[in-house]
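Encoded as structure tokens, the structure appears first; notes follow it.
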Amino acid sequence: MAGIIFKDVEKTYDNGVTVVPDLNLEIKDKEFVVLVGPSGCGKSTTLRMIAGLESITKGDLFIGDQRMNAVPPKDRNIAMVFQSYALYPHMSVYKNMAFALELAKTPKDEIDKKVHAAAEILGLEPYLDRKPKALSGGQRQRVALGRAMVRNPEVFLLDEPLSNLDAKLRTEMRSQISKLHKQLGTTFVYVTHDQTEAMTMGDRICVMKDGIIQQFDTPQNLYDYPCNLFVAGFIGSPQMNFIDATVEKAGSGYQLCFGEAKIKVDNEALAPYVGKTVVCGIRPEDFHAEPQFAGEGNMIDAYIDLDEMMGSESYLYLNYAGQKLITRVPARYAKRADENITLAIDTSKIHVFDKETELVICQ
Amino acid sequence: MDKKPSHARTVIAYIVLIILTFLCLFFFYILLINCTRSHQQIQHGFSFLPGSSFVKNFNNVIHDAKLPVLSGIKNSLIVSACCAALATYFSTLTAYGLYAYNFKLKKPAFIFIMLILVMPTQVSAMGFINVITKMGMINTLYPLILPSVAAPAVFYFMYSYMQSSLPLELIEAARIDGCNEFKTFNRIVLPIMKPAIAVQAIFAFVQNWNNYFIPALVLQENSKRTLPILIAMLRSADFLKFDMGKVYMLITIAIVPIIIVYIALSRYIVAGVALGGVKE
Amino acid sequence: MSKKKISAEREVSYAKWGYIFIAPFFIAFLIFQFVPLAQTIYYSFFEYYRSGLTVIGPNPVGLDNYKALLESDFLKYAGNTVILWLAGFIPQIIISLLLAAWFTDVRLRIKGKQFFKVVIYMPNLIMASAFAMLFFALFSNNGPVNATLVSLGILEHPFRFLSSVAGTRGLVAMMNFLMWFGNTTILLMAAVMGINPALFEAAELDGCSPRQTFFRITLPMIRPILVYVLITSMIGGLQMFDVPQILTNGKGSPDRTVTTLIMFLNNHLYSKNYGMAGAVSVVLFIICAILCLLVYFNLNPTESDRKIKKRDKLKPRKEALNG
């Protein structure tokens, strides 16, 4: 009912800067979509175009099946949660939540019912008479959510709503927002620069850079099958390792060579790259210290610059063949800094990217 | 360790402060004393104790046929209150227009207002009289009130205050909640700007209450005149024949209401003065 | 269809509201300040005055008004204005700096700061004309000040303050000082308190005496505000009118030694000599415009200025560290 469709949308500011050159995006009804990317990638602009806070230079925006380009924000049946919460400082929590309904001339008793219902879900009942100044960060955040909820919008827009909270609260609110989404059964569009938030909350994630959608897929697919270097590097923490490797013909297949390692990859897509350098992407957890992974050509013996013990596992910062690598190994197999360690690479999980186009060759 | 020099410095500081306090308060003390004394008592010499002629002096001033004090107070109040209202409302509106919206002439408009920030109105007084005469507004209170719509200094204060206290997201939230632009301004922006508006309203009121140069040029009829002009008239009257009790009483009427308001609101006013200066 | 699109797109753009909101300001400015200013400048090139009941002019006379201005006592009045301004401003800035330093000095721990601030700012809110009238009454030949001085035996005969040049100028300067030093003190205090307190602590550790701290850290750091105070005070000085006008009943007596430029302008306006009034205004406008420009650049430093300012800000810190 309230899917969102961007069709060939362009956004250029008055000063001539184009932030979004050509956006095509389809968000399904009731879906939780996360827009993620580094700052300045156009994700917030995209969200604000849905809200009607930014005009659309070219192209069409549909919410449901109505073209929304010229509809003012209040008539789009959307609600938005801002990064700074944007609570009206001179109004009580109750007034903040009731304000939109009041403007829409909703009857008083209905406003009362809706505000109290939302306050109950969010645990805000005891604070309804307080001013925002007297609330903690987490409570303010919930008021902002409540203000959006009471309007029964078809679309929820959230602009980095958790970035002003401390780490612990953030995790808590993350699950609360996910729960809310299931409870309300409406479309959520969520903007963040934090890939962890994106991975844990989104049904689908839209990774953006320079106003262009890099990949739009489920979290698992983004992680397992990144379509280019940017997505591969952006999703996952610690970051995926990128290693320059030379492609060689080896028997019927090919092998990727760097340092001592010669990793067999039998994929015809590598044919045009023989003798050239490609970028080889390996996630930190695909280096294994456990002996059962040992094989031929996939072993590296690297010097440990630094180790970070995390308890169950250890992050090792390696220096191998002049390249910096990060690996994540079970604590009992880990070694300490200034030692050497022998690790096996899980060859089935390797990603190969074109050095020039940065697109994936095979994975 | 260095308690001694600090101690000496403290004493000097207090002495200077007490002298300055004396200078600031003493004249008003004499004023208040003398407005309660009769002409004869005042002529007789100075006294530190108040007399008993306060009511008499007050009545004399109020009922002086040549000096329309009551209408003077009324005119002064009308002009000052209207100026305070117009200056704060429209300066906030202007500041909001330049703060919250993006448009082509935004930067030139801002630079222009900053350029005329401290331009005195006296330099265009001659043309001003000409223009308002042609508009038929000479000898009315309008030319004293209407120009307050363009008050660059108030604008600048409001603009600085918005930068620190009015996040743009709030305005956007109001838009999504269903406010049109005027409603956003009146229901969201104005309440948030209340502290700044209060401070500037007081300053605008006082400034216009005390204003003498332009009103003296504009107002020619006795019944239209404001208090400062009446005081000037008193000065040009034959002074020796004048009832000194009345002179002091009129000065008291012109000054004391402002001082009472000031003492009541001093905390905010002093803070407001300080804010006006913090410019980085 | 395409036409509809264009008008529709405009609807979501808010730019027009910016124009609507700033319109009243600019309309009011245009009517009450810009047009009058243009007229003032225009008539300064005309012979246009009233003689008795007949109006002479306006006849274009080129720069004659300006020549007449130079031949009149204009320069004398300009000198008066400068003297009166300086006589008030110099003590004002010294006392204000001193008070600002004391009030913000943590080691002095002055009690009742709020009280002193309230008291010293009070004269600023007083109606200048009433204040002048009060001084006139107090310092008149048989006023309370003379009476007190004589009865205390300090003076033999009442001192005729308003007949002596120094006395009258001194009274004007004193009133200006009293009216403005509180305002300046509060501004400077705010500026001093805006300095990072760690800087003062660093200076103290490096062995700066209070005096050294004041001259080598505080003063350079608050320079922008000092410049602002100086320029706005100059503009205020140029506007000086109410106090000398009321004190001397518009005569500038004795011998027009306290007639200021605005009093001069006022006289021409009263005698309806619009040509001369225009010429005086134009000169004042040019001086003010220069001062306005200085204020503008002080408040809105350009990129290169900002860099210089930053360097200036680092300098005292370095000095403080080098002790």
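The values are calculated or read from the model by the stated rules, or taken from the named source; none is laboratory data. Everything numeric here is computed off the predicted structure, so don't read it as measured data. Positions of Cβ are generated from backbone atoms using ideal geometry, with glycine treated the same way; all protein chains shown enter the neighbour counts.
The table below gives the values:
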read-out	value
Cβ pairs under 6 Å, 6+ apart, first in the stretch A:148-177 and farther than 16 Å from B:GLU172 by Cβ, second surrounded by 16 or more Cβ atoms within 10 Å (Cβ to Cβ) and among the charged types (D, E, K, R)	A:VAL150/A:LYS114; A:LEU162/A:ARG170
A:MET201 being crowded, with 16+ Cβ neighbours inside 10 Å and at pLDDT below 90	no
Any pair with Cβ under 9 angstrom, 6 or more apart, that starts in the stretch B:42-62 at a residue that is on the phi > 0 side of the Ramachandran plot and ends at one that is exposed (fewer than 13 other Cβ atoms within 10 Å of the Cβ) and in a helix (DSSP H, G or I)	B:GLY45/C:SER151
Qualifying residue in the stretch A:42-52 (condition: touching a helix residue (DSSP H, G or I) at 6+ places or on another chain (Cβ under 7 Å), free of Cβ contacts under 8 Å to residues at least 60 places away in the same chain and not polar (S, T, N, Q))	yes
Pairs with Cβ under 8 Å, 6+ apart, first in the stretch C:141-156 and surrounded by 14 or more Cβ atoms within 10 Å (Cβ to Cβ), second of a type in the set (Val, Ile, Thr)	C:PRO144/B:ILE30; C:PRO144/B:ILE42
Helices (runs of 4 or more DSSP H) within the stretch C:14-124 that include 3 or more residues at the interface with chain B (Cβ under 8 Å from one of its Cβ atoms) and of a type outside the set (Phe, Trp, Tyr)	C:15-29, C:35-43, C:74-104, C:113-121
Given (1) touching a Ser or Thr at 6+ places or on another chain (Cβ under 7 Å); (2) at pLDDT below 85, index of the condition C:VAL192 fails	(2)
Residue within the stretch A:230-239 that is modelled with pLDDT under 90 and within 13 Å of the chain's Cα centre (by Cα) present	yes
Residue list for the stretch C:242-253, filter: facing another protein chain (nearest Cβ under 7 Å) and surrounded by fewer than 24 Cβ atoms within 10 Å (Cβ to Cβ)	C:ASN249
1 or more residues more than 18 Å from B:PHE90 (Cβ to Cβ) and within 10 Å of chain C (Cβ to nearest Cβ): qualifying helices (runs of 4 or more DSSP H) within the stretch B:132-247	B:168-177, B:194-210, B:213-218, B:227-236
Identity of the residue in the stretch A:145-198, surrounded by 16 or more Cβ atoms within 10 Å (Cβ to Cβ) and basic (Lys, Arg), that ends up nearest to the chain's Cα centre (by Cα)	A:ARG174
Selection count, the stretch A:71-115, where residues are surrounded by fewer than 19 Cβ atoms within 10 Å (Cβ to Cβ) and within 14 Å of chain C (Cβ to nearest Cβ)	3
Any hit, the stretch C:43-56, residues being crowded, with 17+ Cβ neighbours inside 10 Å, within 28 Å of the chain's Cα centre (by Cα) and touching a residue at least 60 places away in the same chain (Cβ under 8 Å)	yes
Residues within the stretch B:249-277 that are exposed (fewer than 14 other Cβ atoms within 10 Å of the Cβ) and facing chain C (nearest Cβ under 9 Å), tallied	2
Unmet criterion (only one of (1) at the interface with another protein chain (Cβ under 8 Å from one of its Cβ atoms); (2) part of a loop (DSSP other than H, G, I, E, B)) for B:SER124	(2)
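Yes or no, residue by residue, for (1) modelled with pLDDT under 90; (2) closer than 30 Å to C:ASN300 by Cα:
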| site | (1), (2) |
| --- | --- |
| B:LEU170 | no, yes |
| B:VAL189 | no, yes |
| B:TRP209 | no, no |
| B:ILE214 | no, no |
| B:ARG225 | no, no |
| B:SER236 | yes, no |
| B:TYR248 | yes, no |
| B:GLY277 | yes, yes |
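One line per residue, one yes/no per condition, for (1) among the aliphatic types (A, V, I, L, M); (2) within 27 Å of B:THR133 (Cα to Cα); (3) assigned to a helix (DSSP H, G or I):
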| residue | (1), (2), (3) |
| --- | --- |
| C:LEU199 | yes, no, yes |
| C:PHE215 | no, no, yes |
| C:TYR228 | no, no, yes |
| C:ASN249 | no, yes, no |
| C:ASP255 | no, no, no |
